[in-house]
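K.L.:
My questions will all concern the structure given below.
Read-outs: derived from the displayed coordinates by stated rules, not from any lab. Because the structure is a prediction, the values reported are computed rather than measured. Quick reminder, even Gly has a Cβ in these numbers, built from the backbone with ideal geometry, and neighbours come from all protein chains shown.
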Amino acid sequence: MKRVFIDTMGCQMNKSDTERMLGMLSYLGYDETKEPKEADLLIINTCSIRQLSEDKAFSEIGTWGQWKKHGKDIKIVFSGCVAQQKQKEIFKRAPYVDLVIGTHNIYQLPDLIKRIENGETRICECPDTPYGEKDIEIKRVKSVNAWIPITEGCNNFCTYCIVPYTRGRERSRLPETIIKETKDALSQGFKEITLLGQNVDSYGKDFKDREYRLADLLTELNDIEGDFWIRFVTSYPTDITDNLIETAVKLDKVCEYFHIPMQSGSSEVLKKMNRRYDRETYAKIANKVRDMVPDVTITSDFIAGFPGETEEQFEETLTAMDELNLDYSNTAAYSPREKTVAAKWVDLYIPEDVKTERLRRLNEKNMECCLRSNQKFVGRELDVLIENFENHKGKNVVTGRTRNNKIVHIPCEKDLTGKFVKVKITGAKTWYINGEIID
Ligand code: SAH
Ligand code: SF4
Ligand code: F3S
């Protein structure tokens, strides 16, 4: 048996690609190992959303390059978003890489692996091909939650973002494929399905032969027999339709959770980011979701220090987080990305120390918002899907998530992973809530 080690960076889209790669590699006789030193084949599945993630990829494979230099018989593959973006340039920084494979080409992996096994080196396969999906087995990481991509790519071209360049234009996967993948995951024991896309609400816009959108897909998935939950991420604010919200409310398996990145609280900054909404429009949408979906959790992403952002504009982000009662936000300092429009506005770059300070304040506000959001649920009874059993500071606990995506810690002597339980919420911390099982 040959062994493969995959280091997966970045978002769920990359995690999902890793599962697909492991599935294909199992046909070539590769078993996964979590120990890079034991592997014959080493793959780094990279992310280029920020400079830091890109640098991390190169520093990690530096070690693998050393092993190879000292005579270890290994093959090294560079995949993911940095591969798609840098292509052949990767060999300049890492000449020991055997294969660079782009995000559009993962279905060619088996053939390419055979070629490097036969001694070819420095292959670069990154053309932007149409969706070359094949019916392949997926090796899912055994867990409770299955990630299922429904669209890939993005047409929005926000001025800071590299994703349209690394993942290409938006393509929707066929409902039949998604439904089959969902049924397969459920038969393997998965209890939660998360539909993935850079902008899930535009699902189906590219179908020429049918009128079929996210609400239709949710309805069909909800009809599948069994006890499971359905989530979907990420929602672009102005693409959330009333029909989608109403459908989500109506369907019992669809959870009360929306991830709707706002990016900035300032209308001027949003305009420069090429987001298609201003502060007021975002607020209207978020408030509508809150009014229509009982107990909904709304999470967001924010960028601190976008080129030209003034102190006042930054403070508008802080007040937006408060006013909109956002339950949790991912935060990042702006990082200029090659090819993107904003990266060219060098004169407007915010100094590093200012960006760091703004990010610190953003994180502080985020913590306040999270704690406040968690405190709302103390005393309530909520359904929880258990995901883990562990020893936490000397005590056995199970952890899981509520329908509205709150992490819950529950003292429990039994491993209830994969079970739905009713829990009374007893306390709130910043990043999670505490509870006790009531049945
Ligand atoms: N499609 C999603 C975002 C996907 S990228 C959306 O439109 O909201 C995930 C997050 O990374 C973004 O929401 C943004 O907050 C962050 N991000 C993207 N490019 C960035 C950059 N150049 N610098 C810092 N953060 C960035
Ligand atoms: Fe990037 Fe904007 Fe597309 Fe999101 S919508 S992936 S931020 S370009
Ligand atoms: Fe990163 Fe690519 Fe995802 S850039 S965030 S891995 S789509």
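K.L.:
Can you give the longest run of the chain that contains no GluC sites (Glu not before Pro) sitting in a DSSP loop with at most 13 other Cβ atoms inside 10 Å?
P.N.:
1-119
K.L.:
Using unit Cβ charges (K, R positive; D, E negative) and no other charged atoms, how large, in debye to the nearest 20, is the dipole of the range 32-170 about its Cα centre?
P.N.:
Approximately 400 debye in magnitude.
K.L.:
Once R0 is set to 51 Å, what does the formula 1/(1 + (r/R0)^6) return for the Cβ-Cβ distance between Asp40 and Asp347, expressed as a FRET efficiency to the nearest 0.05?
P.N.:
Efficiency for this residue pair is about 0.55.
K.L.:
Which three numbers, in whole Å and largest first, are the semi-axes of the equivalent ellipsoid of the range 100-197 derived from its Cα gyration tensor as √(5λ)?
P.N.:
Gyration-tensor ellipsoid for the range 100-197: 26, 21, 12 Å.
K.L.:
Could you compute how fast the chain diffuses translationally, taking Rh as the Kirkwood radius over C-alpha pairs and applying Stokes-Einstein at 25 °C with viscosity 0.890 mPa s? Give it in µm² per second.
P.N.:
It comes out at roughly 105 µm²/s.
K.L.:
I've got another one for you. Quick one: if you take sqrt(5λ) for each eigenvalue of the C-alpha gyration tensor of the range 235-351, what semi-axes come out, biggest first, whole angstrom?
P.N.:
Output for the range 235-351: semi-axes of 29, 14, 12 Å.
K.L.:
Can you pull the Kirkwood radius for the range 271-411, inverse mean 1/r over Cα pairs, to one decimal in Å?
P.N.:
Value: 17.5 Å, from the Cα pair sum.
K.L.:
Please compute the contact order of the range 81-170 in relative form: average sequence separation of alpha-carbon pairs under 8 Å and at least six residues apart, divided by the residue count, as a percent.
P.N.:
Relative contact order for the range 81-170 comes out at 29 percent.
K.L.:
Right, next: Around Lys75, which amide H atoms from residues at least 5 apart in sequence, or from another chain, sit under 5 Å from its own amide H, with H modelled in the peptide plane?
P.N.:
Leu41, Leu42
K.L.:
Using 0.36 nm per residue, how much length does the chain from Asp31 to Asn330 gain when fully extended, once their Cα-Cα distance is taken away?
P.N.:
Length gained between Asp31 and Asn330: 104.2 nm.
K.L.:
Setting aside same-chain residues fewer than 8 positions from Lys72, which aspartates and glutamates have a Cα under 13 Å from its Cα?
P.N.:
Partners found: Glu38, Asp40.
K.L.:
Placing +1 at every Lys and Arg Cβ and -1 at every Asp and Glu Cβ, with all other atoms neutral, what dipole size does the chain have around its Cα centre, in debye to the nearest 20?
P.N.:
Roughly 860 debye, rounded to the nearest 20.
K.L.:
Roughly what % of DSSP beta bridges within the chain run antiparallel, to the nearest 5?
P.N.:
For the chain, the DSSP antiparallel bridge percentage is about 35.
K.L.:
Which is farthest toward the positive dipole end of the chain among Ser59, Ser172, Trp345, measuring Cα position about the Cα centre, with Cβ charges +1 (Lys, Arg) and -1 (Asp, Glu)?
P.N.:
Ser59
K.L.:
For the range 156-298, evaluate the Debye formula with one uniform point scatterer on each Cα (no solvent term) and list log10 I(q)/I(0) at q = 0.19, 0.20, 0.21 Å⁻¹, rounded to two decimals.
P.N.:
-1.21, -1.30, -1.37
K.L.:
Among Ile113, Met321, Ser48, flag the residue with its Cα farthest along the positive direction of the charge dipole of the chain, charges on Cβ as +1 for Lys/Arg and -1 for Asp/Glu.
P.N.:
Ile113
K.L.:
Hey, any idea what Rg/Rh is for the range 361-411, computing Rh the Kirkwood way over Cα pairs?
P.N.:
So for the range 361-411, dividing Rg by the Kirkwood Rh gives 1.04.
K.L.:
Still on this structure, I have one more. Based on DSSP H runs of at least 4 residues, each adding -39500 (n - 2.57), what is the mean residue ellipticity at 222 nm of the chain after dividing by all its residues, to the nearest 500 deg cm²/dmol?
P.N.:
Mean residue ellipticity, 222 nm, calculated: -10500 deg cm²/dmol.
K.L.:
Taking the Cα centre of the range 303-439 as the origin, how large is its charge dipole in debye, to the nearest 20, when only Lys and Arg (+1) and Asp and Glu (-1) carry charge on their Cβ atoms?
P.N.:
Once rounded to the nearest 20, the dipole reads 660 debye.
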